[in-house]
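The values are calculated or read from the model by the stated rules, or taken from the named source; none is laboratory data. All of these numbers come straight from a predicted model, not from anything done at the bench. With ideal geometry, Cβ positions are generated from the backbone for all residues, glycine too; neighbour counts draw on all protein chains shown.
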Amino acid sequence: MASAPRIAVGGILTECNDFGGVPIDLEAFERFELRRGDEVLGARSGVMGGMLDALSGRGATAAPLLFGSTSPGGPVTTECYEALRRELLDRLRAVGPVDGVLLALHGAAVAETVDDVEGDLLERVRGLVGPEVRVVATLDLHAHVTGEMVRFADGLLGWETYPHVDTYTTGRRGADLLLDAVSGSVRPCMALAKVPVLTGAVNGSTEGDGPFATLMRRAKALEARPGVLSTSMFLVNPFLDRPGMGSGGLVITDGDPDTARREAAALAAEYWERRHDLEPEMSSPRDAVRAGLGIEGGPVLLLETADACGGGAAGDGVACVAALIELAPDAPSMAPVVDPDAAAACHAAGAGAPVDLRLGHRVDPRWGEPVEISGVVETLGAGRFAYRGGIWEGTVGEMGPTAVVRAGGLRILVSTHPTYEWQGEQFESVGLDADGAKFVVVKNPMNYRIAYPGARAAIVVDSPGPTPASCRALPYVRMARPFFPFDDDIKGLQPEVFASSE
């Protein structure tokens, strides 16, 4: 190519939950990250920062579109998705002819009227730019990758790590693959294979010797082979209820469709063989507290994964709070709860005032009942904090009006809006220190490994909520049987394979 390639760059990135959480509206994107036009070029970290740095480093010109990202929640509202999609596509039309399109997506977004946000967006982008323009997208490794996504993209690249510490480098990898394809030095040929396995993320770490880590290393080792351009493993977000969900592998080769299909199918078959290893051991909230009391020192982490804001839950669950009040009322403990009414009541009472609260399960009441709390308002705040690393490094998180309420030995961080947990930034922003705690309630299945490296123990709690450690109790309707873990054996199972046209 004689002149510098022009690459349109943008995306819509969020993760959704069909079983609970707060619907994602435009305000949710505005609270986190919503960049328009030249504002996109200001991204310095995360997947977008990696894309832009790689494009610049290789002499390409970035034509910015729109980039919106936000914390997971329920389905994206129709109004929000249509507004963001319309603006991104209008900007793509306005930038004129481009040599390629590079999109930062998640892969597990749904809207109220759209089953497959990423597939829909890729199809519309393809319709605008035509079949000859190269289109590449990056995805979370928890993506629900569909045949439509494979059909309308030239390349899909999943994040390689969980906890997610490689969004920047994956952005770079996506840009490099796109530019290689635009130059004609490679001919991406993609195949996705998946099996009907839906499991939680507790055993989904890519570190150590766990089942998903082993699968990821097996996939990435293929990249050392001549002609293999990229590989990805996907542990599907199991908190969607959409047809055709599954987990498996994706392989991109340089013009070799047979190898792409064969290796992707082999990865998916191995995934099926490891399915039981991905199911975790769990304890009831009371049993978890009792076990923790028997452990010397602290902190002991109570992993209330069923209420993970990072998986789309509302963050208003109080199962562990109730167990701590009952069984360890004087133990120094910390817990987060999203409850805008309780936060408002604390602000009305003022710092130092006693309060009686009905706490929890008022944002998403489908999963439990509030608990009665009598305590003292210790501190009040605006709920702003900055992420240190991960998906939103440097981004300001917005919990909204917050309060710390002390009830016996328990300190409860009451916030207005759900926010993604990464490195304990929410607790730290209100002066709560886990080092002095016996118990810390943690509402994520994985990032606690980064946030609390000195924890004495981490106990997975089996509590009600839309993001449980095992999905055996979730009320799936649209995801048709058979699938694991509801069906342990599926006679004659073969991986389902989707391949690009080349």
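Couple of notes before you dig in:
- Residue that is touching a Pro at 6+ places or on another chain (Cβ under 7 Å), under 25 Å from GLU270 (Cα atoms), in a loop (DSSP other than H, G, I, E, B) and in contact (Cβ under 8 Å) with a residue 12 or more places away in the chain, where the choices are ALA455, ALA469: ALA469
- Within segment 97-124, the set of residues being crowded, with 24+ Cβ neighbours inside 10 Å and more than 20 Å from LEU157 (Cβ to Cβ) comprises VAL110 only.
- For VAL441: the one exception among (1) within 24 Å of ASP316 (Cβ to Cβ); (2) touching a Lys or Arg at 6+ places or on another chain (Cβ under 8 Å); (3) not in a loop (DSSP other than H, G, I, E, B): (2)
- Pairs are defined by a Cβ separation below 7 Å, a sequence spacing of at least 6 or placement on different chains, a first member in segment 204-223 that is modelled with pLDDT of 95 or more, and a second member that is part of a helix (DSSP H, G or I) and loosely packed, with under 15 Cβ neighbours inside 10 Å; the pairs so defined are PRO211/ASP277.
- Of all the criteria given as (1) closer than 22 Å to ALA137 by Cα; (2) in contact with a Phe, Trp or Tyr (Cβ under 9 Å, 6 or more places away or on another chain); (3) aliphatic (A, V, I, L, M), the one not satisfied by VAL251 is (2).
- Of the residues making up segment 271-282, at least one is under 19 Å from LEU139 (Cβ atoms), at pLDDT 95 or above and crowded, with 19+ Cβ neighbours inside 10 Å.
- Selected residue [in the same structural domain as VAL321 (by TED's automatic domain parsing), within 23 Å of ALA313 (Cβ to Cβ), surrounded by fewer than 19 Cβ atoms within 10 Å (Cβ to Cβ) and not acidic (Asp, Glu)] from ARG358, ARG406: ARG358
- Candidates are the residues of segment 340-350 that are farther than 15 Å from ARG411 by Cβ and touching a residue at least 12 places away in the same chain (Cβ under 8 Å); the one that is surrounded by the fewest Cβ atoms within 10 Å (Cβ to Cβ) is GLY350.
- Some residue of segment 316-335 being within 19 Å of ALA201 (Cβ to Cβ), among the aliphatic types (A, V, I, L, M), buried (at least 24 other Cβ atoms within 10 Å of the Cβ) and touching a strand residue (DSSP E or B) at 6+ places or on another chain (Cβ under 6 Å): no
Each row is one residue, and each column tells you yes or no for (1) of a type in the set (Ser, Thr, Tyr); (2) at pLDDT below 95; (3) closer than 22 Å to ALA348 by Cβ.
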| position | (1), (2), (3) |
| --- | --- |
| VAL396 | no, yes, no |
| VAL405 | no, no, yes |
| VAL414 | no, no, yes |
| HIS417 | no, no, yes |
| PHE439 | no, no, no |
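- The numbered conditions (1) buried (at least 17 other Cβ atoms within 10 Å of the Cβ); (2) out of contact with any Leu (no Cβ under 7 Å at 6 or more places or on another chain); (3) of a type outside the set (Ser, Thr, Tyr); (4) within 23 Å of GLY20 (Cα to Cα) are all true for VAL371 except (2).
- Any hit, segment 77-87, residues being under 24 Å from the mean Cα position of the chain (by Cα), farther than 21 Å from ASP25 by Cβ and either not in a helix (DSSP H, G or I) or not aliphatic (A, V, I, L, M) (or both): no
- As for segment 88-103, it holds no residue that is within 17 Å of the chain's Cα centre (by Cα), in the same structural domain as ALA60 (by TED's automatic domain parsing) and among the β-branched types (Val, Ile, Thr).
- ALA213 being hydrophobic (A, V, I, L, M, F, W, C), surrounded by fewer than 24 Cβ atoms within 10 Å (Cβ to Cβ) and not assigned by TED's automatic domain parsing to the domain that holds LYS491: no
- Residue in segment 141-151 that is surrounded by fewer than 18 Cβ atoms within 10 Å (Cβ to Cβ) and either of a type outside the set (D, E, K, R) or at pLDDT below 95 (or both) present: yes
Conditions tested, residue by residue: (1) without any contact (Cβ under 8 Å) to a residue 60 or more places away in the chain; (2) of a type in the set (Ser, Thr, Tyr); (3) not assigned by TED's automatic domain parsing to the domain that holds VAL98.
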| site | (1), (2), (3) |
| --- | --- |
| GLU33 | no, no, no |
| GLY50 | no, no, no |
| SER56 | yes, yes, no |
| PHE67 | yes, no, no |
| SER71 | no, yes, no |
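- Restricting attention to segment 444-479, the residues being modelled with pLDDT of 95 or more, surrounded by fewer than 18 Cβ atoms within 10 Å (Cβ to Cβ) and either more than 22 Å from the chain's Cα centre (by Cα) or over 25 Å from ASP307 (Cα atoms) (or both) number 3.
- For segment 329-368, a residue qualifies if it is touching a Phe, Trp or Tyr at 6+ places or on another chain (Cβ under 7 Å) and not aliphatic (A, V, I, L, M), and the qualifying residues are SER333, HIS361.
- Here segment 220-266 is the region considered, the condition is being of a type in the set (A, V, I, L, M, F, W, C) and under 21 Å from the mean Cα position of the chain (by Cα), and the residue that is nearest to THR305 (Cα to Cα) is PHE239.
- For segment 412-424, the condition of being assigned to a loop (DSSP other than H, G, I, E, B), among the aliphatic types (A, V, I, L, M) and either touching a residue at least 12 places away in the same chain (Cβ under 8 Å) or over 23 Å from GLU30 (Cβ atoms) (or both) holds for none of the residues.
- Those residues of segment 34-48 which are among the β-branched types (Val, Ile, Thr) and in contact with a Pro (Cβ under 6 Å, 6 or more places away or on another chain), in sequence order: VAL40
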